[in-house]
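Everything below concerns the one structure shown next.
The values are calculated or read from the model by the stated rules, or taken from the named source; none is laboratory data. What you see is a predicted model, and the numbers here were worked out from it, not measured in a lab. Note: ideal-geometry Cβ built from the backbone for every residue, glycine included; neighbour counts use all protein chains shown. All accessible areas refer to the heavy atoms of the entire protein, side chains included, with ligands and DNA or RNA removed. Shrake-Rupley method; radii C 1.70, N 1.55, O 1.52, S 1.80 Å.
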Amino acid sequence: MTNLLNKGPFRADHVGSLLRPESLHKARREYKEGTITSDELRAVETAEIKRIVDKQVEVGLKAVTDGEFRRTWWHLDFLEHLNGIEGYVPETGYKFDGVETERYNIRNNGKISFNPNHPFIEDFKVFTEIVGDRAVAKQTIPSPNQLFYSTIRDESIYPNLEDFTKDVIQTYRDAIKAFYDAGVRYLQLDDVYIARLSSPEHIFNDGEYSREHWIELALFVINSILEDKPEDLIVTTHLCRGNYQSTWAFEGSYSLIAPTLLAKEKVDGFFLEYDDERSGDFKPLEHIPHDGAKVVLGVVTSKFGELEDKEALKSRILDAANHVPLEQICLSPQCGFASTHHGNKLTEEQQWAKLRLVVEVAEELWNAKEPVTK
């Protein structure tokens with residue numbers, strides 16, 4: 001497993017999504033109303049992606065994203081463009097703390113495979129041209145484990161979980177190859193499902209499979225899709241407890257999954273949420289092998305605009321270093337700033353201040369001005 005500090009995750013990194021500007025919201029509304037074309041919408045998206053790439057570089061980030069500006073949701077836009085998956089409007093949205101989300105979801109409607117014409121591939125090619133050699137172009141996609149929610153699989157198509165699992169794994173192997181061929185060298189798998197497995201309030205025992213079974217299966221799926229990963233492709237996992245208009249979906253430390261997933265998942269880094277009391281303590285980090293995956297501590301919140309105290313952040317990082325070596329630790333916000341098009345409840349100015357703070361704390365704590373290698 002590659003573990004080079006100059007190839008990601010970086011000492012100062014970020015999860016990926018950024019607040020959508022009003023110009024983009026306006027263009028989306030006009031497109032839905034039929035007053036502008038898809039090409040005109042795409043031109044607005046591209047212009048705004050150029051702007052936020054410039055801003056990320058200006059702030060000092062070594063890895064930059066497209067802010068997920070061509071998406072509505074962090075996960076559904078990618079998943080519904082796979083063969084065998086369709087988007088639909090359910091009777092209810094996702095349940096978050098005190099709020100129900102906009103109603104949209106995905107479901108299985110055929111044999112699952114990777115779509116060679118998946119729009120994210122072309123989107124990345126345009127994105128990486130925008131970035132050039134100024135930074136590492138980071139691609140984010142939902143984890144394959146997101147397809148294992150009980151409401152997604154159609155048992156008339158896949159009566160056997162093993163067959164479903166096999167096709168999901170092959171789909172993501174093909175996806176990873178397609179992204180690699182398009183130039184991706186830093187890929188992040190966003191995984192709410194795994195973090196949910198560590199939430200005691202959610203029951204994972206349907207009479208047939210226990211929570212432990214699903215944890216082991218989640219590990220098997222991730223490690224299986226990475227079996228043929230090129231050595232120069234960095235892959236990380238972001239474990240998210242839900243992020244919708246500054247609310248969350250569930251709570252709980254990583255203790256239930258740490259002995260299996262944190263200890264054995266063959267990724268180059270874990271982006272972990274540690275921005276409030278819902279996250280638990282740092283003790284589960286002890287399961288991450290020394291000289292193994294890097295730990296990107298999300299101790300800066302993306303949910304609210306108030307800026308954290310630098311010294312308090314350094315203290316928390318040093319506290320985590322009691323459980324995993326400091327040289328394995330990096331820093332980021334705990335999640336993206338806009339996991340959906342709605343965005344969190346803070347301003348763009350506050351968003352950039354948060355990212356600048358991450359860079360400044362990392363430079364002061366590690367005195368690390370890392371070179372960028374493609």
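In terms of its alpha-carbon gyration tensor, region 1-89 comes out oblate; a/c meets the 1.5 threshold, while b/c is at least as large as a/b. Taking GluC sites (Glu not before Pro) in DSSP loop states with no more than 13 other Cβ atoms inside 10 Å as exposed sites, the chain has its longest site-free stretch at 1-90. The spacing between region 298-337 and region 161-201, judged by their C-alpha centroids, is 26 Å. Computed across region 127-180, the Kirkwood hydrodynamic radius from all distinct Cα-Cα pairs reaches 13.5 Å.
Beta bridges assigned by DSSP with both partners in the chain are antiparallel in approximately 25 percent of cases.
Express the relative contact order of region 51-183 as a whole percentage, based on alpha carbon pairs under 8 Å and six or more residues apart in sequence. Relative contact order of region 51-183: 27 percent.
In whole percent, how big is the carbon plus sulfur part of the accessible area of the chain, probe 1.4 Å, protein atoms only?
48 percent
Each Cα pair under 8 Å and six or more residues apart adds its separation to the average, and for region 1-89 the resulting relative contact order is 33 percent.
For region 259-284 versus region 35-94, the inter-centroid distance based on Cα atoms is 27 Å.
Just tell me the longest site-free run in the chain, where the sites are chymotrypsin sites (Phe, Trp or Tyr not before Pro) in a DSSP loop having at most 15 other beta-carbon atoms within 10 Å.
Values: sites that count: Tyr149, Tyr209.
Result for the longest clean stretch: 210-374.
The relative contact order of the chain comes to 23 percent, based on Cα pairs under 8 Å that sit 6 or more residues apart. Filter the cross-link list Lys111/Lys354; Lys125/Lys166; Lys50/Lys166; Lys26/Lys177 down to pairs whose alpha-carbon distance in this structure exceeds 32 Å. Lys111/Lys354; Lys50/Lys166; Lys26/Lys177, as the Cα separations exceed 32 Å there.
In terms of its C-alpha gyration tensor, the chain comes out rounded, because the ratio a/c of the largest to the smallest axis stays below 1.5. Looking at the chain, the accessible area is 41 square angstrom per residue; that uses a 1.4 Å probe and ignores ligands, DNA and RNA.
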